[in-house]
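A.B. asks: Following this message is one structure expressed as structure tokens.
Values in this text are rule-based calculations from the coordinates and carry no lab data. Quick caveat: nothing in here was measured; it's all calculated off a predicted structure. Cβ atoms come from the backbone with ideal geometry, glycine included; neighbour counts cover every protein chain shown.
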There are 2 protein chains.
Amino acid sequence: MSRSDALDMAEVFAALGDPVRLQMLSIIAASHEVCSCNLEGPLAKSQPTISHHTRVLAEAGLIVGEKRGRWTWWRSVPERLDMASRFLEP
Amino acid sequence: MSRSDALDMAEVFAALGDPVRLQMLSIIAASHEVCSCNLEGPLAKSQPTISHHTRVLAEAGLIVGEKRGRWTWWRSVPERLDMASRFLEP
DNA sequence: CCTTTAGATTGATGGACGTCGATAAGTCTG
DNA sequence: CAGACTTATCGACGTCCATCAATCTAAAGG
């Protein structure tokens, strides 16, 4: 395993290494699309904190956001989850 | 997904969320057993740093160490890896 | 014993991270 | 346009983390 591979994969796992983001991803993956306003309640965090965590997940490639009107809609990226999953049992 | 589940899983992923620990786990999982002295070289880190990282991986349940004589032998815990893998695609 | 060796622990330090209030930027509605 | 609304960004603060030098513990060999 190369060092650059390790850096890329570590970014993904680091994004998953926070309980708030794990629950966030769990909520997003369960529905087809979720807007940020539907995360604030279940996660019991402030709006800037929610925005921070969605950003981290997005930068790790685990979710993608689409701005439609006032809302940003988030959905998970199954391929990225598969990649992380396959890394754990090759 | 409950908050306590999120906490437990997040600890596992946080342990994986460091490039040094990812390479470390990769090396350990590739062989049957690896002693700490065989990690220092490939990872290019000091001995205390290596010891710190093995401890984090062990506390997350991803590896177990057995002390035989002067050496500590580490091996991976496939069940724990499976658990994390299954979490990513249910 | 004494020395050497493997590994864990401690202490210190610089940097990264989670959190929130305040603010900015873009969007809908009246 | 004015005001309400959604999200992103900035600034600050406290905490956690990765790293290494120094030290300690335990075990093997002479």
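A.B. asks: Residue check, B:ASP5 against (1) charged (D, E, K, R); (2) within 9 Å of another protein chain (Cβ to nearest Cβ); (3) surrounded by fewer than 14 Cβ atoms within 10 Å (Cβ to Cβ), all met but one. Which one?
C.D. replies: (3)
A.B. asks: Suppose we filter the range B:65-90 for residues that are in contact with a strand residue (DSSP E or B) (Cβ under 9 Å, 6 or more places away or on another chain) and within 26 Å of A:ASP82 (Cα to Cα); how many remain?
C.D. replies: Count: 4.
A.B. asks: Next question, about the same structure. So in the range A:44-75, with the set limited to residues that are surrounded by 14 or more Cβ atoms within 10 Å (Cβ to Cβ) and of a type in the set (D, E, K, R), which one is farthest from A:LEU16 (Cα to Cα)?
C.D. replies: A:LYS45
A.B. asks: Of all residues in the range B:37-46, which are within 16 Å of the chain's Cα centre (by Cα) and free of Cβ contacts under 8 Å to residues at least 12 places away in the same chain?
C.D. replies: B:ASN38, B:GLU40
A.B. asks: Taking the range A:55-79 as the region of interest, how many residues are more than 9 Å from DNA strand C (Cβ to nearest atom), touching a helix residue (DSSP H, G or I) at 6+ places or on another chain (Cβ under 7 Å) and either in a helix (DSSP H, G or I) or within 14 Å of another protein chain (Cβ to nearest Cβ) (or both)?
C.D. replies: Counting residues in the range A:55-79 that are more than 9 Å from DNA strand C (Cβ to nearest atom), touching a helix residue (DSSP H, G or I) at 6+ places or on another chain (Cβ under 7 Å) and either in a helix (DSSP H, G or I) or within 14 Å of another protein chain (Cβ to nearest Cβ) (or both) gives 6.
A.B. asks: If you scan the range A:14-54, which residues turn out to be within 14 Å of another protein chain (Cβ to nearest Cβ), assigned to a helix (DSSP H, G or I), within 9 Å of DNA strand C (Cβ to nearest atom) and of a type outside the set (Val, Ile, Thr)?
C.D. replies: Answer for the range A:14-54, where residues must be within 14 Å of another protein chain (Cβ to nearest Cβ), assigned to a helix (DSSP H, G or I), within 9 Å of DNA strand C (Cβ to nearest atom) and of a type outside the set (Val, Ile, Thr): A:ALA14, A:ALA15, A:PRO19, A:ARG21, A:LEU43, A:HIS53.
A.B. asks: Follow-up. Taking the conditions exactly as written (farther than 18 Å from B:MET1 by Cα and crowded, with 20+ Cβ neighbours inside 10 Å), does A:ALA15 satisfy them or not?
C.D. replies: Answer is no for this residue.
A.B. asks: Considering each residue of the range B:80-90, count those that are surrounded by 12 or more Cβ atoms within 10 Å (Cβ to Cβ) and in a loop (DSSP other than H, G, I, E, B), and give that number.
C.D. replies: Here is the first cut: in the range B:80-90, the residues surrounded by 12 or more Cβ atoms within 10 Å (Cβ to Cβ) are B:80-89.
Still in the list and also in a loop (DSSP other than H, G, I, E, B): B:89.
Number satisfying all stated conditions: 1.
A.B. asks: Among (1) loosely packed, with under 14 Cβ neighbours inside 10 Å; (2) touching an Asp or Glu at 6+ places or on another chain (Cβ under 9 Å); (3) of a type outside the set (Phe, Trp, Tyr); (4) under 16 Å from B:MET1 (Cα atoms), there is one condition A:LEU22 misses while meeting the rest; what is its number?
C.D. replies: Evaluating A:LEU22 over (1) loosely packed, with under 14 Cβ neighbours inside 10 Å; (2) touching an Asp or Glu at 6+ places or on another chain (Cβ under 9 Å); (3) of a type outside the set (Phe, Trp, Tyr); (4) under 16 Å from B:MET1 (Cα atoms) leaves (1) as the failure.
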